[in-house]
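Worksheet for the structure shown next.
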Amino acid sequence: MSNSDHAWVVRFENVGLRYGLGPEVLQDVSFGLSPGSFHFLLGASGAGKSSLLRLMYLALKPSRGLISLFDRDIATTPRRLLPELRRRIGVVFQDFRLLNHLSAFDNVALPLRVAGVREQEVEKNVTELLSWVGLKEHLQAKPPTLSGGQQQRVAIARAVIARPKLLLADEPTGNVDDNMALRLMHLFAQLNKLGTTIVIATHNEAMVERMGFPCLQLEDGALHISGAQDQPMEADDDGSESEEPFVLTAMPGNARYGSEGRS
Amino acid sequence: MFARRSDLALEQDGHSRFLPWLIAFMVFLAVLALAGTFILNGLVATWDHNMSGTMTVQLPAADQPKKNQANVNKVLKILRDTPGIQSARAVTSGEMMGLLEPWLGRAASLADLPLPQLIDVTLTPGGDVQVKALAKRLDAAVPHANIDDHRVWLAKFLRLIRTVQIIALSVLILIGLATVGTVIFTTRTGLAVHQEAIEVLHLIGAQDSYIARQFATRAMVLALRGGLFGLAIAIPTLIALGILSAAMKAGTMPVLTMGVDEWIMIGILPFITAFLAMMTARFTVLRSLAKML
């Protein structure tokens, strides 16, 4: 982790986190994620997986230690520059956090709209992506009228619509059947192939085994790394290439949003 | 400045429904206060202009009309020879009748009354008349002749009007502060109600200004709606007051009227209020969001 010449998407150095005056939920966490890497984040309930993700998507400040995102030290980055960093991060929240008064379409469109993407492009890409995740008939449905699995797909679509450089997902396949879970995992794998760094917190060991990506294991607030580090994995090693076309046609793969270029 | 669309369901907020009514009431009061200030300005200007360049000399009534006329001529000569006096003329009996009519009625006959003789004096603009020395000379010529230069009365009157104007402007400022306070309260409640949605927008990379714009636009729309309603009620009230004052018109009381520019000022009051509400909401949201990471 000390290779200073290496470009990191995420880098944690001796990060500790405590809520208020409570005990440290994360202790001396140090790791780095290279561009295009794919990791599962494992750990028992309460091990600090969500806290670690919250630190990564800039919802929390660490109590100590250093966090860099896209080679920017968060502690010294002016607040006004943080939205630009956040736009490079897609998040699938464990509880989805969809806006109930907005339609599925408008929920997914949010990241593009806050980035100032033209409405014509928003319309095209959001419709395409929602169709791909099987919600073509529910574009105008409000989240409360959707099932848990459908809501989860809307949440995932919202996280990936702007083609983030870093995708963080907290139990993204918890509410969908195995078939859809696999389909969504392939979506993540395809994004990964396009250069997105991915961290997925999950309890689904079968899925972890099947995908074969390295794991970040949280245990009692400390982080252990297993599997090959910093190597972007080939998602199709397990022979799932046959389903390939879905992502790239559905994902706004050729589009560029906002001012930042996509690799 | 204006949001094209709203990601937060601000228009469904129950807590902001009272805002237009409150703003309507505020604008109604503000229009009355402002109109009051303008009308008093008009009165001050009229009275100041009419009175500061004049004096009145009053001669006691003599026993015989002939002596009366002689006294008048004596005084007129002295006045016309005094530097700083542009002109002097005796008030005719017809004019005296007009002045007394509101009190004594048409039937009164001047001949039956021992009325003092009045001389209307116009001062040279910028000229400096030594009122005390002149009074002495007049008294020597016609005993008990006295000069009324209106200044003391006018100064007291102007001071009173200015005080009333300051009070009216203070009321206007208080109304503005109350409006700001109301908008701050409504916006803070809105921030609390929509905290979850705001956090989501924040985390997906919305700038603070993107979120603030939605609150600011909403506050502006509500304030404009209320402000226009307040104005719509205030204008007939002002017109009614104008008609009432015209009906009560007495000799010294000018009609309560306002100029076109003053009507325009009153007309833009709802827009100023809407702007104030918009900026207040914007800064309230920005201040609140600045506490987030």
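Coordinate-derived values only; no laboratory data. Because the structure is a prediction, the values reported are computed rather than measured. All Cβ positions, glycine included, derive from the backbone under ideal geometry; neighbour counts span all protein chains shown.
This model, with +1 at the C-beta of Lys and Arg and -1 at the C-beta of Asp and Glu, gives the protein assembly as shown a dipole about its Cα centre of some 2900 debye.
When both the stretch B:194-239 and the stretch A:16-35 are represented by their alpha-carbon centers, they are found 40 Å apart. Two tests apply to each whole DSSP H helix in chain B, Cα reach of 20 Å or more along its axis and mean Kyte-Doolittle hydropathy of at least -0.5, and the ones passing both are B:19-51, B:151-193, B:208-247, B:269-289. Each of B:Ile239, B:Ile167 has some number of other Cβ atoms within 10 Å of its Cβ, and from fewest to most they run B:Ile239, B:Ile167. The GNM of chain B, with springs linking C-alpha atoms under 10 angstrom apart, assigns the highest mean-square fluctuation among B:Val171, B:Val57, B:Val131 to B:Val131. When restricted to Cα atoms, the stretch B:54-149 yields an Rg and a Dmax of 14.0, 42 Å, respectively.
Under the definition of partner shielding as Cβ atoms of other protein chains within 10 Å of a residue Cβ, what is the mean value for peptide A:46-58? Walk me through the numbers before you get to the answer.
Details: counts 0, 0, 0, 0, 0, 0, 0, 0, 1, 0, 0, 2, 5.
Per residue, the number of nearby Cβ atoms from other chains is 1 on average.
Within the listed set B:Met220, B:Met97, B:Met278, the Gaussian network model of chain B (springs between alpha-carbon atoms below 10 Å) gives the highest mean-square fluctuation for B:Met97. Can you give the FRET efficiency to the nearest 0.05 for B:Ala70 and B:Ile233, using r as the Cβ-Cβ distance and R₀ = 56 Å? E(calc), rounded to 0.05, equals 0.35. Taking +1 at the Cβ of each Lys and Arg and -1 at the Cβ of each Asp and Glu, which of B:Ala216, B:Gly227, B:Leu174 sits farthest along the dipole of the stretch B:138-230 towards its positive end, judged by Cα position relative to the Cα centre? The listed residue farthest towards the positive side: B:Gly227. Counting only Cβ charges, +1 for Lys and Arg and -1 for Asp and Glu, the dipole size of the stretch A:60-150 around its Cα centre is about 440 debye.
Between B:Lys66, B:Lys136, B:Lys156, the GNM of chain B built on Cα springs shorter than 10 angstrom shows B:Lys66 fluctuating the most. Counting Cβ atoms of other protein chains within 10 Å of each residue's Cβ and taking the mean over peptide A:109-115 gives 5. Scoring B:25-34, A:11-20 by mean Cβ neighbours within 10 Å over their residues and listing the highest first yields B:25-34, A:11-20. Per-residue mean of foreign Cβ neighbours for B:201-214 is 6 (Cβ atoms of other chains, 10 Å radius).
Can you order the peptides B:11-17, B:115-121 by their average number of other Cβ atoms within 10 Å per residue, highest first? The partial results should precede the final answer.
Working: B:11-17: 12.4, B:115-121: 18.9.
Highest to lowest by the protection proxy: B:115-121, B:11-17.
For A:Lys165, a cut-off of 24 angstrom between C-alpha atoms picks up these lysines, skipping any fewer than 8 places away in its own chain: A:Lys49, A:Lys61, A:Lys124, A:Lys193.
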